[in-house]
């Protein structure tokens, strides 16, 4: 299961966050801060996994992240998820955003939190992956090689 | 009104929308908090308006602020308002906000129940979808309980989009409301074979997630998953399944054997790294479960290790990381195969990525041997020096200690080396792990007697340079080492070379800057040192020297007396007085050394950390029992409180133990003494057996201390561990030479006939003799300590509640609470929804009930066995079954319990457990003494018949079914495929609408049935304002909302856009169920299209057949036999000619349409059972002749029976 999705920028400013376990706002911010400290210290060309287990839940958990330009996408998952799977999922998520905004950049995330996909996008990517067990979006992905086709998301409007 | 609207929308133009808010926040970088609080005030104003659009905008902004860390719980009610907006865009905002901010503590959450239910049954799939998505984030136990049934209905929605979400959310529901798992499980299992891959993978995910926590309950699904694994091409699903198998194999090693082959195939064939990785992981799990298993699996290990090596060698850091992770799993069981890749792993230690280095460290832990320990640790030490980050360095430090101390210092051959390593580690600056090093020093010094001398010399050197440690590293933990150093020097002061020097070092003024607990140890050990110096001096006759030492103590101790730390202060002042006293004695030339050292006589032994916990509770000691009888607080005493004492005194003499009691007491005292003697923790006045134990030959006779003289005993300054490595090599070389020599000699000896083990020519671990004859004192454990480790399961684990046996048949009481009536619902108080304990007005007679319980117990056992047998059977077939053709479509009944297709399964299982079953029968009969003899005979006859039948059925080997395909999971092997059937029958239809209905009884309400009506819009216009009016009869009445009259229609709670269908449920109360009846009704609605709206009507007749009052209830043959014997059933029969259908299908039809279950089937003869909602038992004997079928029925109500048989006749006639 995915326990939380955190999106923040190079300065640790939270852009979007979604927790699948109830935490108070303070704890949430605390978690985001600590995650940021863990992640930001790491070089570009190191592996994308981190044992940040104590942040959320037990030692079973790990952090899987990707860094695109100025934004970090961090997924906190437990051991039932495939590490590569989540990495690809992040990729799909970002590509979906890219489709929505054409050359997505941090400002898009800031200004269009509600637009076409955004409030939807996390919620939807998240719901699709809900619980967070992948199905919809990643269905078309061949996990091994990153030749990802982004499927059409059902349009709401 | 209109004005207000206009005003509202003008106001709105000036409201900030989300983008304005975001822009505003960016423009107020310096006073962000102030700006936001201002915005929140605005939002509060907006929320007060009536306009829903304004509210939605406000809630949208709040959601963003929540993500920035602001509490928005105060707006919970407004969020609910937005959730209930009819426009989807608003609704979505509402649900998003709810999913962000609602949790179990949100008190208004209970208000959402009806709204969510409405959205779930909304005709728009997106409304339903958004409700499901939102609900998944904030579902509470109450919501889960109330909505479980609605969600379960959605699991068979026509749209895969909804089905998928419904399946996924069921997982959350299970977590919150574990009771729902069993009723929902059959449908969940069905979804594993859903035509839509998305739904299928959702189901796989949910089951995997469930099975991960309680794997043993899902073992029976292994064949199904196995099939999926061999047939699926979806990597996501495969990964999940393979992960699941990884969790299952430890429980069933045979499963592992079956898995190895397909998994290795996958490893060879797949190009997806993620899948490869998971396969390797599961193969590893399998190999672990097989552990000592078969030799030919070394090939699989080799394959895994090879693949992992490829991963590790890859330039992609992620692959490298995971490769190492998996490697460490192999290491546990097959260290040898990993050790051959030592080079690679040592290489990873140099990696720039910290995570990878840490993984590599983990691996090293398992790779050390006596041979390479020094080398590896040396390498690690160089890393310690190089490491820049403190975290990583600390990690290295702990790893070094872990590696060296693992399994009782198994790999250490030279403890002097180890001590020098520890001493070197103390030079690390800023480590947090000083206490770890200290603990190791203490442990080694205490447990390895031979090393004490060396340790003491090192520790005194450390104490000497303590100022270095203490000054620069006051704040971090390295000074903890001084704790150990002081203690060791004090406790083993007899080994000190220059005790006086050390004593002075410990009394330096600088010491007072150390933390209190260390100072306390200093003070205590100063005395120990002092005692041993005194003794030395007195023995040597240097009275003046002794007095000088005492003077030193008297001079220096006051600095500790002034310490702020209480412990230090207390010890110091106590000791100061003691020393002053000694000084007086010394002045009088009284020899005191003896007495002073007597203070610290005796040796301390290491005690195992768990020893205290493991002390067994002595026999006869009940810790929960009252020591004194608690005062009874009877009423009389309450009334007369004063009398209590008086009476107490009077009573006492009565309670005084009699003489016999005194004897008993004496005996107990004796026993207690015995107990205490055996208890090492009990402080005794007599010489303890513990001490005596030390004197026993055991320990003393172990040859101790043969220190290799090639190692200098006193190392000037701090030692370098490196020199030990060199020395060690030399030593080993020498040893080898010697050994070779000895071997030659031995060979000569062998000629003389002395049998010895011929050692291998290569130098193996065992060949390396430790440098010192090391005697590791094992930690003490209390005698007869309990071997069991405590159960470390967390009682609060939410997953424990889901540890539910899924193979048990559903009990009636377990059905999910069904929403009875949408309209009636609202007027009910929420408590009424609580699934009540099964309520039965007509309870079976007591005896019967008792019997039932017994049966149930037996059934349970039997079932378990059967389950096992089935699985065993699957596991024992060696060839992996070919992908079988998709099993017959399961009729999509609304009833969840076992139906139609149970028959052959039961029989199949019966055959398997025949012997056991018979035993059970016999038992049952023995217990049932009341049964008359002739009935017994009859019963026996029946049984004989049954056995005969079984024997016949046995002739057809079950293996043949196996070969044909998979053992069918949700039913049984079917001979022929049944046509898909629906339990919904057509009610009425016209050009606008089609009505189909299904009538379901429920055992929870003995006179109510639920009528589910599916309305399908066939026209191109939208149908709304639908109302259902039914003319009640005397016998059957529709449950209407409170306050409405009999003639009012009941509204249908939804609208139907063109082409959409939806289901509405109505509850009817039936007085007598013995006869069938029909109710006339009318559906009125408004059909609206572009041209306008028309009122339309559709008449229908609701047919309550007697069968619809029956509820499929499983029954077992012995219970069935008992029931027939009881004799208070009336009998009737029918016969139908001209039936071509196979008996199998025939039975299925009866099961399906009339809600029966097959009790037993023998050839073309079957007994069936069902039960009415009012508790009538109905038993059938169905026999098939050449072209005819005869049905004999027995029932506690003859009218019901005859009506039922009539209905059945009609069904059969159609066949």
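What the table shows:
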{"read-out": "Percent of Cα-Cα distances greater than 17 Å, calculated over region B:352-437", "value": "43"}
{"read-out": "Per residue convex hull volume, Cα atoms of region B:31-95, in Å³", "value": "72"}
{"read-out": "Square roots of five times the Cα gyration tensor eigenvalues for region B:387-542, Å", "value": "27, 20, 11"}
{"read-out": "Shape category assigned to region B:462-584 from the gyration tensor of Cα positions, a/c cut at 1.5", "value": "oblate"}
{"read-out": "Ratio of Rg to Rh over region B:1-159 (Cα coordinates, Kirkwood Rh, two decimals)", "value": "1.02"}
{"read-out": "Inverse mean reciprocal Cα-Cα distance (Kirkwood Rh) of region B:231-293, Å", "value": "11.4"}
{"read-out": "Ranked list, fewest to most other Cβ atoms within 10 Å of each Cβ, for B:278, B:81, B:594", "value": "B:594, B:81, B:278"}
{"read-out": "Sequence-separation-based contact order of region B:1092-1215, relative, with Cα cut under 8 Å and 6+ spacing, percent", "value": "32"}
{"read-out": "Averaged over B:18-24, number of beta-carbon atoms from partner chains that fall within 10 Å", "value": "3"}
{"read-out": "Gyration tensor (alpha-carbon) shape descriptor, region B:79-205, a/c threshold 1.5", "value": "oblate"}
{"read-out": "Area projected by the alpha carbon convex hull of region B:64-112, averaged over all directions, nm²", "value": "3.2"}
{"read-out": "Dimensionless Rg over Rh [region B:218-356; C-alpha; Kirkwood]", "value": "0.98"}
{"read-out": "Shielding by other protein chains, B:96-109, mean Cβ within 10 Å", "value": "2"}
{"read-out": "Region B:984-1034-region B:166-241 distance, computed between alpha-carbon centres (Å)", "value": "33"}
{"read-out": "Relative contact order of region B:103-215, defined on C-alpha pairs under 8 angstrom at six or more residues apart (%)", "value": "23"}
{"read-out": "When region B:1120-1208 is reduced to its Cα atoms, the Kirkwood hydrodynamic radius in Å", "value": "13.1"}
{"read-out": "Whether region B:993-1079 is rounded, prolate or oblate, judged on the alpha carbon gyration tensor where a/c under 1.5 counts as rounded", "value": "prolate"}
{"read-out": "C-alpha center-to-center spacing [region B:1145-1178, region B:51-100] in angstrom", "value": "53"}
{"read-out": "Region B:1017-1170 - convex hull of the alpha-carbon atoms, volume per residue in Å³", "value": "186"}
{"read-out": "Number of partner chain Cβ atoms within 10 Å, mean per residue of B:1030-1042", "value": "0"}
{"read-out": "Relative contact order [Cα under 8 Å, 6+ residues apart], region B:57-132, whole percent", "value": "28"}
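Any read-out appearing in this document is the output of simple, stated calculations on the displayed coordinates, not a laboratory observation. Only a predicted model underlies this, so the values are computations on that prediction, with no experimental measurement involved. As a convention, Cβ positions derive from the backbone with ideal geometry for all residues, glycine included, and neighbour counts pool all protein chains shown.
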